[in-house]
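The values are calculated or read from the model by the stated rules, or taken from the named source; none is laboratory data. Nothing here was measured: the structure is a model prediction, and the numbers come from that model. Using ideal geometry, Cβ is built from the backbone for each residue, glycine included, and neighbour counts are taken over all protein chains shown.
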Ligand code: SF4
Ligand code: SF4
């Protein structure tokens, strides 16, 4: 059995990535199970998804605590202790991180198994014009690393899953382009044969750690202490040469993360801005740029 655990933030598309890999494995006539962690599935919040596939029936259920492959959609998650993205890494044959080639992450984050990196975000930005919606690239990385899914099945799965999400033909084609490129450029990792994990008749269901998919706002009045800036996939940057101090961005921010200074200009509180980019959408002068968040927390 191959167990893949995807980690990302709401908006990265890890749920869809897990589904694409599951559908591709299904097309390859394998037994499949895929499921995301539901809960605080808000844009920017840490989320996870799980995909198992096997040639035999899959009896395991629940979260994957001993993954064969860990796929991480953003480097910032490695420094977010609450996301626990490396939990169970001793069982993994590989860890994939969406990061530029040559990023020295092994020592920085104590990553044990072979580490594979590829900058899916840069390619997705170039092809699709967004730093989120990485599902096709993440799925392609997972599919290629396992060595058990063909390009044909992967690309058919990308088309099918995005069609179900009502993506336009153009968006589907662009995602297929990204998936094909990632699949082509990565190499397969050697996976050791793994047991099914089922012994006897008692099924052990993995326990979901409280922080895996939650906002960690666990007590009344502690929202201020939760640094929701760690959820940010994209970063809003106000262009003060363009801003006319109309204040619409402050009114539109659902998190109260924009305050108006005495001089009338808006200022973003990056400790609590979640990167929803509503402010950029409501600014009538397009005076708030969307950039990829590169801060490591
Ligand atoms: S509206 Fe802008 S400032 Fe407020 S949380 Fe969203 S991105 Fe951040
Ligand atoms: S909406 Fe745009 S122009 Fe208006 S205050 Fe915000 S940044 Fe400035």
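I'd like to check which helices (runs of 4 or more DSSP H) are fully inside the range 106-217 and have at least 1 residues that are at pLDDT below 90.
Where helices (runs of 4 or more DSSP H) fall fully within the range 106-217 and carry at least 1 residues being at pLDDT below 90, they are 120-128.
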Pick from the range 261-279, criterion outside any loop (DSSP other than H, G, I, E, B) and either outside the structural domain of residue 244 (by TED's automatic domain parsing) or buried (at least 20 other Cβ atoms within 10 Å of the Cβ) (or both), ranking: nearest to ligand 1 (Cβ to nearest atom):
279
Considering only the range 225-260, how many residues are in a loop (DSSP other than H, G, I, E, B) and either in contact with a helix residue (DSSP H, G or I) (Cβ under 7 Å, 6 or more places away or on another chain) or more than 12 Å from ligand 2 (Cβ to nearest atom) (or both)?
9
Residue 4 outside any helix (DSSP H, G or I) and either in contact (Cβ under 8 Å) with a residue 60 or more places away in the chain or in contact with a helix residue (DSSP H, G or I) (Cβ under 6 Å, 6 or more places away or on another chain) (or both)
yes
Give me a count of the residues in the range 7-36 that are out of contact with any helix residue (DSSP H, G or I) (no Cβ under 9 Å at 6 or more places or on another chain) and under 22 Å from residue 90 (Cβ atoms).
0
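Please go through the range 46-90 and give me each residue that is in a loop (DSSP other than H, G, I, E, B), in contact with a helix residue (DSSP H, G or I) (Cβ under 9 Å, 6 or more places away or on another chain) and at pLDDT below 85, ordered by number.
80
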Is the range 17-26 home to any residue that is under 20 Å from residue 141 (Cβ atoms), at pLDDT below 95 and touching a strand residue (DSSP E or B) at 6+ places or on another chain (Cβ under 6 Å)?
no
So residue 243, is it surrounded by 16 or more Cβ atoms within 10 Å (Cβ to Cβ) and over 16 Å from residue 228 (Cβ atoms)
yes
